[in-house]
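The values are calculated or read from the model by the stated rules, or taken from the named source; none is laboratory data. From a predicted model like this one, the values you see are computed outputs, not experimental measurements. Positions of Cβ are backbone-derived with ideal geometry, glycine not excepted, and every protein chain shown enters the neighbour counts. The accessibility values were calculated without ligands, DNA or RNA, using every heavy atom of the protein model including side chains. Shrake-Rupley method; radii C 1.70, N 1.55, O 1.52, S 1.80 Å.
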Amino acid sequence: LHLYGNARSYYSDLYIRDCAKGILVEQNASAVTAHANKYSNISILGCSAYGAHWSTGSFDSEVNNLWIGSCAVGMRVESGENSFVTLHWWGSTANGGEIRGSNNRITNAYIESNGANGLDILNSSDNAIVGCELYANITDGAQINGTSVRNRFIGTVGGANGQSGFRLVAGDYNIFNGCTAVGNASNNQLYGIRLLSGTKNIVSGCVART
């Protein structure tokens with residue numbers, strides 16, 4: 001499914017498999033955007049690049065019930081102001097999800113068994129990750145890096161990941177509220193929530209345990 005400058009449309013009940021990209025949403029060569037589209041009940045399997053790729057000009061999307069398995073990367077978001085609700089990304093050879101845009105909302109996602117980070121946020125700000133489970137990913141449940149500020153993890157669990165439940169490599173003013181890190185680093189729980197750099201980051205009401 002390639003949306004090339006198509007806006008304000010509705011796509012539902014799709015099963016897509018064995019493509020390079022299951023969904024690609026982008027502005028066209030004349031910079032006409034593919035914004036404010038709605039998507040629901042979509043399954044994507046076995047794509048060699050991204051299961052779903054919200055590229056430049058794909059803002060204001062509303063996505064509900066998106067299942068992505070066995071792709072190189074489950075989903076990549078390069079635009080902003082998108083809402084993603086009820087997601088399952090699993091079995092990617094690299095990251096489960098990559099956030100490269102700002103002001104996105106991810107709610108009720110199960111991101112598990114991916115080959116690198118469950119959720120990778122780089123140079124992106126003001127994203128909200130709410131009520132998600134980041135489980136059994138090879139590296140970190142979530143990793144935040146670059147110039148990433150004011151991202152919010154609320155009521156999210158990072159469990160049984162290979163290294164940390166949540167790892168902040170770089171970034172300022174990020175918030176972890178009511179999160180749980182359990183059984184990471186082969187259940188040794190060396191680092192449940194790990195802050196390596198940055199300033200004025202907040203961890204509040206969280207639990208880290210084996």
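Listed here are the residues, each with its yes/no results for (1) among the charged types (D, E, K, R); (2) within 19 Å of residue 78 (Cβ to Cβ); (3) more than 17 Å from the chain's Cα centre (by Cα); (4) not in a strand (DSSP E or B).
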site	(1), (2), (3), (4)
7	no, yes, yes, yes
15	no, no, yes, no
20	no, yes, yes, yes
29	no, yes, yes, yes
35	no, yes, yes, yes
64	no, no, no, no
Checklist entry - Does residue 107 satisfy being touching a Leu at 6+ places or on another chain (Cβ under 8 Å), over 15 Å from residue 120 (Cβ atoms) and of a type in the set (Val, Ile, Thr)? => result no
Item to check | Single residue of segment 73-110 satisfying the filter (among the acidic types (Asp, Glu) and not in a strand (DSSP E or B)) that is farthest from residue 141 (Cα to Cα) | outcome: 81
Checklist outcome for this item: In segment 182-202, anything over 21 Å from residue 148 (Cα atoms) and either modelled with pLDDT of 95 or more or assigned to a loop (DSSP other than H, G, I, E, B) (or both) is listed as 183, 184, 185, 186, 187, 188, 189, 190
Checklist outcome for this item: Apart from one, (1) under 22 Å from residue 144 (Cα atoms); (2) surrounded by 23 or more Cβ atoms within 10 Å (Cβ to Cβ); (3) of a type in the set (A, V, I, L, M) all hold for residue 72; the odd one out is (2)
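For segment 167-179, give me each residue that is part of a loop (DSSP other than H, G, I, E, B) and either among the hydroxyl-bearing types (Ser, Thr, Tyr) or open to solvent by 20 Å² or more (accessible area, probe 1.4 Å) (or both).
Matches in segment 167-179: 169, 170, 173, 178.
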Item to check | Only listed residue being modelled with pLDDT of 95 or more and buried (at least 21 other Cβ atoms within 10 Å of the Cβ), chosen from 67, 89 | outcome: 89
Checklist entry - If residue 44 passes every condition in (1) among the hydrophobic types (A, V, I, L, M, F, W, C); (2) in a strand (DSSP E or B); (3) under 24 Å from residue 179 (Cα atoms) but one, which one does it miss? => result (3)
